[in-house]
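Q: Input: one structure, supplied below.
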Amino acid sequence: MNLKSKINNKPWPYWVGGIILAILNIILLFTTGSAWRISTSFLYAGVGILHKLGINVEDWYYFNVYNNGLDSGQTYFNNNIMLISVAIIIGALISVLFFSEFKFKNIKNKKQLFFGLAGGILMGYGTRLSFGCNIGAYFSAIPSFSLHGWVFGAFMFVGAWIGSKILFKYIL
Amino acid sequence: MSSNKIEELKKRRQKEIKPKKSQLPYFFFVGFISFIIAYYFLNTNIRYSIIWTIGIMIGITMQRSRFCFAASFRDPIMVGTTSLFRAVIIGLIISTIGFSIFQYIQIGNIANYSLADVPGQIHPVGFHTILGAILFGIGMVIAGGCASGTLIRIGEGYAMQVVVLIGFIIGTVLSSNHFEFWDKLFISSSKTIYIPKHIGFFPALVIQLTALSTLYLLANWYDKQNNIMADL
């Protein structure tokens, strides 16, 4: 327990998080040659399951343009992006367990379930159009000097504004 | 409510909180397994070992600092606070410097580099980016978290975010299935714009750092104007 009292139980300030995430992203780029991405791992999880069910996803148009296919030797479940997403979940788990804060929290009601699922579908659909989520098409894209990162950031604000209106009207 | 009653409620609440079981044994167990995985990759695939370790550190950082990219966009609109947004901007400033060094090492001495050789996230920009960003923005606010936040909350034990993840997977698979339609409509006619290719490497760096710093100052000003928490 001494270990615990030595390390402050309070959350870190946001700016500390921002700095560390930036440094980790830079290390990732320097060591692996590619920046941090997340949403493609969710795509791989989905098409990986379809692939297991016998659907020929490799034939899909998407996987044959814009280098969207997998690197050689990698599979839908065994690749860089999937690995980092799993590691992030484990990292969060380690962090809450250290402070004995892990707690299974159930879904509150049907409304929450509906908006969670709908929100997820909207986000997921958007990511293929914009070549990434707010990590791959924003947090890693702006530092890459690609204009799409700036455009994505600006219009994500528009989306967030519309989403807030919906939130005020139906959820809160 | 009388202050006595409040005190009583506080005491009762504290009693409820106190008998919290230590989860340190589980911490050591999960930590040990993660270490074994990192060690195993070290001998088989060093790249995986690095990715795994960085992923764990990203998870810990985001969990500890309550970092949420969705909230960084939502909070300025809903409550007028920009502290999280400014933290993202600080992150963008630092990674801009780091990324530019790496890109310069890779392509700085090549006169006519192709965009495929530039490391980082460089993709076509056009109406599809706008549409995707708006859909994503709406989705992350009503779902209460974006891709990274969803991963963190799953690790914290939220069942809700598993639903968001399932939705995300459904959406992204559908979208990749419809990709030919969107590609022919917008993407194939859009350009990939790598800013340094058009204005030069150092001007791009200076302009970007200036733009991000300006955004930081604007956000700081906006916070002072609109923060509804500040007066409380």
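The values are calculated or read from the model by the stated rules, or taken from the named source; none is laboratory data. None of the values given here were measured: they were computed from a predicted structure. All Cβ positions, glycine included, derive from the backbone under ideal geometry; neighbour counts span all protein chains shown.
Q: Determine if the range A:75-98 includes at least one residue that is small (Gly, Ala, Ser) and either surrounded by fewer than 15 Cβ atoms within 10 Å (Cβ to Cβ) or more than 23 Å from A:Ile23 (Cβ to Cβ) (or both).
A: The answer is no, given that none of the residues of the range A:75-98 is small (Gly, Ala, Ser) and either surrounded by fewer than 15 Cβ atoms within 10 Å (Cβ to Cβ) or more than 23 Å from A:Ile23 (Cβ to Cβ) (or both).
Q: Separate question: As an exercise: evaluate A:Cys133 against (1) facing chain B (nearest Cβ under 7 Å); (2) assigned to a helix (DSSP H, G or I); (3) not acidic (Asp, Glu) and give the number of the one condition it does not meet.
A: Single failed check for A:Cys133: (2).
Q: In this structure, does B:Glu156 turn out to be under 18 Å from A:Ile107 (Cβ atoms), of a type in the set (D, E, K, R) and within 7 Å of another protein chain (Cβ to nearest Cβ)?
A: In short, yes.
Q: Are there helices (runs of 4 or more DSSP H) fully within the range B:159-215 with at least 3 residues that are under 19 Å from B:Ser114 (Cα atoms)? List them.
A: Filter on the range B:159-215 gives B:195-199.
Q: If you don't mind, there's one more thing I want to ask. Which residues, counting only those in the range A:142-153, are crowded, with 24+ Cβ neighbours inside 10 Å and not in a loop (DSSP other than H, G, I, E, B)?
A: Listed by number, the residues that qualify are A:Ser146, A:His148, A:Gly149, A:Phe152.
Q: While we're looking at this one, here's another question. Looking at the range A:150-161, I want the residues that are more than 7 Å from every other protein chain (Cβ to nearest Cβ) and have a partner that is in a helix (DSSP H, G or I) and of a type outside the set (S, T, N, Q) with Cβ atoms under 8 Å, at least 6 apart or on another chain. Which pairs are those?
A: Short answer, once both residue conditions are applied: A:Gly153/A:Tyr138; A:Gly153/B:Ala133; A:Ala154/B:Ala133.
Q: Pairs only if they're at least six apart or on different chains, beta carbon under 7 angstrom, first in the range B:126-144 and at the interface with chain A (Cβ under 7 Å from one of its Cβ atoms) and touching a residue at least 60 places away in the same chain (Cβ under 8 Å), second aromatic (Phe, Trp, Tyr) and not in a helix (DSSP H, G or I); list them, first residue then second.
A: As it stands, the answer is B:His128/B:Phe186, since those pairs meet every condition given.
Q: Tally time: how many residues in the range A:21-53 are part of a helix (DSSP H, G or I) and either of a type in the set (S, T, N, Q) or over 27 Å from B:Asp117 (Cα atoms) (or both)?
A: Of the residues in the range A:21-53, 14 are part of a helix (DSSP H, G or I) and either of a type in the set (S, T, N, Q) or over 27 Å from B:Asp117 (Cα atoms) (or both).
Q: Can you tell me how many residues in the range B:99-123 are surrounded by 18 or more Cβ atoms within 10 Å (Cβ to Cβ) and either within 25 Å of the chain's Cα centre (by Cα) or aromatic (Phe, Trp, Tyr) (or both)?
A: 10
Q: Is there a residue in the range A:125-141 that is of a type in the set (D, E, K, R) and buried (at least 24 other Cβ atoms within 10 Å of the Cβ)?
A: yes
Q: Sort through B:Gly98, B:Gly108 and tell me the only one that's modelled with pLDDT under 95 and not acidic (Asp, Glu).
A: B:Gly108
Q: Hey, another quick one. Restricting attention to the range A:57-102, which residues are more than 22 Å from the chain's Cα centre (by Cα), facing chain B (nearest Cβ under 9 Å) and not in a helix (DSSP H, G or I)?
A: Correct list: A:Trp60, A:Val65, A:Phe99, A:Ser100, A:Glu101.
Q: Same structure again: Which of (1) assigned to a loop (DSSP other than H, G, I, E, B); (2) facing chain B (nearest Cβ under 7 Å); (3) crowded, with 17+ Cβ neighbours inside 10 Å is the odd one out, the single condition A:Pro11 does not satisfy?
A: It is condition (3) that A:Pro11 fails.
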